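Presented below is the structure to which this report refers.
The values are calculated or read from the model by the stated rules, or taken from the named source; none is laboratory data. Just so it is clear, the structure is predicted and the values come from calculations on it, not from any experiment. FYI the Cβ positions are ideal-geometry reconstructions off the backbone, even for glycines, and counts take in every protein chain you see.
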Amino acid sequence: MVLSDFEPKTLNKQDVVAKEKTSALEEKDGVIQPPTINTSYIEKMRSRRQKQPSAEDLIAGILKGDMTALSRAITIIESKNPLHFDKAHTIITGCLPHANKSVRIGITGVPGVGKSTFIEAFGTHLTSLRKKVAVLAVDPSSSLTKGSILGDKTRMEALVKEKNAFIRPSASGDSLGGVARKTRESIILCEAAGFDSIIIETVGVGQSETAVHSMVDFFLLLKLAGAGDELQGIKRGIIEMADLIAINKADGDNLKSAKIAKVEFNRALHLYPKKTSEWQPKVMLCSALNNEGIEAIWEQIQTYVGITSKNTYFDKKRQEQNKFWLIQTIEDHLKSHFFNNKEIKIALEEQLKLIEENKTTPFAAADYLLGL
């Protein structure tokens, strides 16, 4: 054996090719797939999404009852982007002459009372009467992540399939008690789209009832029996606002306790002075799950509208609500203008740092900022 036998041999091109063909790791060309995607259609849809409709186009679509235009317009109304403010104002102004032709119903109750189930049963009953129903549901926003599930459409599976129903979940954000910041404007848009029955669902926590009462014609309070809720409901305030109390889940073993709760609430209602609307609030039993008592509740709402329309309270209440929302809008604009001021932003950070260092108090810091 000579030394040359241990020297590496240089492979020529033919040897490399032969080795590649015999290798177990050899890659073979795959089957070429035929083009199954219509690229021209994708580009067309992409350009359509990028092109935002004008305020005039959205108004025209809303007046025709176009759900897509209505949803887009509400999104613009709810937007906090300053670039959308003028467009939102134009949309509201264009829809306002076609609004105020509906019955606005506020529905509230503690979490777990069955608001979503009741609204689905109630809304489905209205659509069976050829009513056009819009549900403005408010979902609570997380105080940590600021996010919201917006799951009302999944909880109202039957109603969402109705042709004459529109469900719009909105995040409560940082608004009072969980009422969506632009719910009142959304009502105007829904009315312009031809919806004659507007249902507003509140989160059911905090002071949302006060805000909802200031934007609806009829206020429905859902209660539970046998859950220690009777005494809470008798508290002055919430009972005063209610035009009707419906004790939900009055079925099965809970029916007996529901009847007892009905008697207690009726006694509580008689302790209050007569309302200026000349309407005596009622207490009724219902089971949204079994679709019981829903028709009777709608009949009571119709009776209420008839009485208040005849004695002009219906229109007077809406006028008072408009005055309330004028003041509310001014307060919102002042707050927004204050916190968006560049000088205030800088000074606010300085004052917050001083508070952390215990060099000033929140009240002194507020006086300083308001004096700028």
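Out of (1) in the same structural domain as Ile198 (by TED's automatic domain parsing); (2) farther than 15 Å from Gly106 by Cα; (3) modelled with pLDDT of 85 or more; (4) touching a helix residue (DSSP H, G or I) at 6+ places or on another chain (Cβ under 9 Å), what's the single condition that is false for Val305? Condition (2) is where Val305 drops out.
When restricted to residues that are free of Cβ contacts under 8 Å to residues at least 24 places away in the same chain and in a helix (DSSP H, G or I), the range 300-327 contains 13.
Scanning the range 88-97 for residues that are within 23 Å of His337 (Cα to Cα) and either at pLDDT below 90 or surrounded by fewer than 19 Cβ atoms within 10 Å (Cβ to Cβ) (or both) yields a total of 3.
Residue count for the range 83-141, restricted to those that are part of a helix (DSSP H, G or I) and not hydrophobic (A, V, I, L, M, F, W, C): 18. The set of residues from the range 89-120 being of a type in the set (A, V, I, L, M, F, W, C) and over 20 Å from Gln321 (Cβ atoms) comprises Ile91, Val110, Val113, Phe118, Ile119. For Ile260, indicate whether it is of a type in the set (Val, Ile, Thr), in the same structural domain as Phe118 (by TED's automatic domain parsing) and under 28 Å from the mean Cα position of the chain (by Cα). Answer is no for this residue. Strands (runs of 3 or more DSSP E) fully within the range 152-267 that include at least 2 residues being of a type in the set (Val, Ile, Thr) and at pLDDT 85 or above: 197-201, 244-247. All conditions in (1) closer than 26 Å to Phe218 by Cβ; (2) surrounded by fewer than 14 Cβ atoms within 10 Å (Cβ to Cβ) hold for Ser287, with the sole exception of (2).
Every listed requirement among (1) farther than 15 Å from Gly112 by Cα; (2) modelled with pLDDT under 85; (3) surrounded by 19 or more Cβ atoms within 10 Å (Cβ to Cβ) is met by Leu271 save one, (3). One residue alone among Glu356, Glu349, Glu299 is closer than 19 Å to Gly106 by Cβ, of a type in the set (Asp, Glu) and either touching a Ser or Thr at 6+ places or on another chain (Cβ under 6 Å) or loosely packed, with under 12 Cβ neighbours inside 10 Å (or both), and that residue is Glu299. Looking at the range 255-268, can you tell me whether even one residue there is buried (at least 17 other Cβ atoms within 10 Å of the Cβ) and closer than 22 Å to Val103 by Cα? No, the range 255-268 has no match at all.
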